[in-house]
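Undergrad: Structure in structure tokens, see below.
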Amino acid sequence: MSELTNRSVTRHIKALADGEYSSAELTAEFLKEIEKTDGHIGAYLLTDTVGALNAAEASDKRRSAGCLLSCIDGIPAGIKDNICTKGVRTTCASKMLEDYVPPYDATVITKLKDSGFVMLGKLNMDEFAMGSSTENSAFKITKNPVDVSRVPGGSSGGSAAAVAAGEAAYTLGSDTGGSIRQPASFCGVVGMKPTYGRVSRYGLVAFASSLDQIGPITRTVCDNAIILNAVAGHDERDATSLDIQTGNFSRLIGKSIAGITIGLPDEFFGDGLDDDVRRCVLDAAKAYESMGAKIVSVSMPSVKHALAAYYVISSAEASSNLARFDGVRYGYRAKSFDDVAGLYLSSRSEGFGKEVKRRIMLGTFALSSGYYDAYYKKALQVRSLVKADFDSIFHKCDAILSPVAPTAAYRIGEKTSDPLAMYLGDAYSVPVNIAGIPALSLPCGKNAEGLPVGMQLMGKDFTEDLLYQLGAAFEAEKGEQI
């Protein structure tokens with residue numbers, strides 16, 4: 001990647017202010033980088049060259065007139081392809097929505113436009129955000145820029161790969177069970193899953209409505225806080241949006257972490273965790289201790305049930321949410337059918353990929369008569385236990401530190417034949433979504449093969465600023481060594 005596209009958002013803000021280069025020049029450089037590298041990375045499903053350059057030129061005019069909309073005005077970004085963009089195709093990486101052009105913007109896009117948004121394009125993902133490797137896209141497989149033989153993680157694999165490859169200054173992804181944090185970990189970048197309700201879900205194509213949350217992926221922790229400042233806030237169009245003061249998420253960055261208590265959950269360091277991942281995360285705990293934080297051991301007895309509960313809840317909600325894609329109102333329609341039932345059957349069979357159909361079937365079964373109490377109701381009870389465990393821990397400590405995933409990035413095709421093995425990779429990330437709390441993923445080291453390893457900082461509701469404080473402190477202490 002070029003020196004320019006390798007810079008952080010923070011550096012771009014200063015360089016644009018100093019007149020080192022214009023937004024149009026910066027955008028052209030990113031588009032050049034995409035043209036040069038995306039052929040073998042596959043992060044983008046669509047690039048909007050004309051729209052990006054026009055937005056950049058408009059930003060430069062505002063800068064010349066002294067009326068910038070925000071500090072990130074004119075800085076180019078990419079958007080996960082399940083976030084609606086008016087007049088620009090939004091496919092969810094699915095044949096079902098291959099030609100869908102939304103007539104409206106998602107609230108996060110409106111907020112970014114109000115901040116001077118320059119959109120480079122839409123990013124690849126697992127179809128309808130169902131997957132952990134971005135191998136489930138209907139259109140292409142995204143590769144990890146660190147090692148193109150390996151997956152970038154998922155479902156926001158395109159979003160993480162674009163930042164890691166220097167194809168966007170920042171991106172937005174969505175996180176249902178780790179879909180921002182795990183690809184950030186695999187690609188060596190920073191990802192935030194905010195508190196549920198902190199960022200509007202209006203215009204996000206729903207996978208599991210009680211779990212989905214939009215969040216930023218960036219090169220640095222400070223960058224991440226800046227982007228969350230731009231997209232967070234209450235939205236009357238989203239019934240799950242919380243009317244709570246957002247403040248400045250960067251406000252604690254740079255302050256001492258001495259006296260902060262960080263918990264290490266025993267259940268996250270047991271069997272199944274790769275030795276290199278364990279070493280990197282425990283080394284991070286020692287680094288925090290050396291900075292004055294207090295490290296304590298904590299326990300989450302319910303976490304062993306969280307993964308099973310997550311897949312029941314998320315699949316049940318997916319079954320309900322994806323029922324609207326029937327070949328009648330919009331989306332893919334089969335060309336050959338005999339009656340309405342045949343239209344539904346053929347359109348959904350041809351329009352959805354294997355993983356989506358697997359989860360729809362699982363969810364429909366869990367919600368069916370005679371099985372609802374045994375599966376879905378039981379999963380909701382486990383959800384309450386997980387939330388109670390987190391609440392109990394946060395009475396003893398301010399934040400929790402854990403691995404993001406059991407391993408570093410695995411090879412493309414390594415787990416596609418065994419869905420259960422891939423599902424088990426979400427064991428450390430899904431409890432956060434079940435509880436609705438915020439969590440930050442950032443690099444904490446490398447394994448023996450030189451692949452990035454990510455750690456996860458979890459906090460109680462609305463403590464994103466604390467997580468950024470802790471993340472930035474580690475970055476400042478150890479960043480040069482990672």
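Undergrad: Does Asp266 count as over 30 Å from Leu380 (Cβ atoms) and either open to solvent by 30 Å² or more (accessible area, probe 1.4 Å) or of a type in the set (S, T, N, Q) (or both)?
TA: Spelling it out, it is not the case that Asp266 is over 30 Å from Leu380 (Cβ atoms) and either open to solvent by 30 Å² or more (accessible area, probe 1.4 Å) or of a type in the set (S, T, N, Q) (or both).
Undergrad: Take Tyr428 and tell me if it is in contact (Cβ under 8 Å) with a residue 40 or more places away in the chain and in a loop (DSSP other than H, G, I, E, B).
TA: So Tyr428 fits the description; yes.
Undergrad: Got a number for residues in the stretch 14-59 being open to solvent by 30 Å² or more (accessible area, probe 1.4 Å) and either on the phi > 0 side of the Ramachandran plot or of a type in the set (Asp, Glu) (or both)?
TA: 8
Undergrad: A follow-up question, please. Looking for whichever is modelled with pLDDT under 95, in contact with a helix residue (DSSP H, G or I) (Cβ under 9 Å, 6 or more places away or on another chain) and hydroxyl-bearing (Ser, Thr, Tyr) here; the options are Tyr410, Tyr428, Tyr371. Which one fits?
TA: Checking each option against the conditions leaves just Tyr371.
Undergrad: Looking for something open to solvent by 10 Å² or more (accessible area, probe 1.4 Å), among the small types (Gly, Ala, Ser) and either touching a residue at least 12 places away in the same chain (Cβ under 8 Å) or in a helix (DSSP H, G or I) (or both) - is there at least one such residue anywhere in the stretch 89-103?
TA: Scanning the stretch 89-103 turns up no residue that is open to solvent by 10 Å² or more (accessible area, probe 1.4 Å), among the small types (Gly, Ala, Ser) and either touching a residue at least 12 places away in the same chain (Cβ under 8 Å) or in a helix (DSSP H, G or I) (or both).
Undergrad: I need every pair where a residue in the stretch 207-224 that is hydroxyl-bearing (Ser, Thr, Tyr) has its Cβ under 6 Å from the Cβ of a residue that is open to solvent by less than 10 Å² (accessible area, probe 1.4 Å), sequence separation at least 6 or different chains.
TA: Here the result reads Thr218/Tyr170; Thr218/Val190; Thr218/Asn224, each pair linking the stretch 207-224 to a residue that is open to solvent by less than 10 Å² (accessible area, probe 1.4 Å).
Undergrad: Across the stretch 379-431, which residue is surrounded by the fewest Cβ atoms within 10 Å (Cβ to Cβ) among those that are in contact with a Pro (Cβ under 8 Å, 6 or more places away or on another chain) and under 21 Å from Asp126 (Cα atoms)?
TA: Filtering the stretch 379-431 for residues that are in contact with a Pro (Cβ under 8 Å, 6 or more places away or on another chain) and under 21 Å from Asp126 (Cα atoms), the one surrounded by the fewest Cβ atoms within 10 Å (Cβ to Cβ) comes out as Leu424.
Undergrad: Check the stretch 19-26 and report whether any residue there is of a type in the set (A, V, I, L, M), without any contact (Cβ under 8 Å) to a residue 40 or more places away in the chain, in a loop (DSSP other than H, G, I, E, B) and under 29 Å from Asn144 (Cα atoms).
TA: no
Undergrad: While we're on this one: Would you point out which residue out of Ile75, Ile79, Ile83 is touching a His at 6+ places or on another chain (Cβ under 6 Å), closer than 30 Å to Asn144 by Cβ and surrounded by 17 or more Cβ atoms within 10 Å (Cβ to Cβ)?
TA: Answer to the selection: Ile75.
Undergrad: Could you tell me whether the stretch 416-435 includes any residue that is of a type in the set (D, E, K, R) and either over 18 Å from Pro145 (Cα atoms) or touching an Asp or Glu at 6+ places or on another chain (Cβ under 7 Å) (or both)?
TA: Yes, the conditions are met somewhere in the stretch 416-435.
Undergrad: I'd like to check something: does the stretch 312-319 contain any residue that is over 23 Å from the mean Cα position of the chain (by Cα) and at pLDDT 95 or above?
TA: no
Undergrad: Let me ask another. Just to be sure before I move on: is Asp271 at pLDDT 95 or above, open to solvent by 30 Å² or more (accessible area, probe 1.4 Å) and either farther than 25 Å from Gly445 by Cβ or out of contact with any Lys or Arg (no Cβ under 7 Å at 6 or more places or on another chain) (or both) in the structure I sent?
TA: Against the criterion (at pLDDT 95 or above, open to solvent by 30 Å² or more (accessible area, probe 1.4 Å) and either farther than 25 Å from Gly445 by Cβ or out of contact with any Lys or Arg (no Cβ under 7 Å at 6 or more places or on another chain) (or both)), Asp271 does not qualify.
The values are calculated or read from the model by the stated rules, or taken from the named source; none is laboratory data. Computed from a predicted model, the values in this text were never measured in an experiment. Methodologically, a virtual Cβ is constructed for each residue, glycine included, from the backbone with ideal geometry; neighbour enumeration extends over all protein chains shown. Heavy atoms of the whole protein, side chains included, go into the accessibility calculation; ligands, DNA and RNA do not. Shrake-Rupley method; radii C 1.70, N 1.55, O 1.52, S 1.80 Å.
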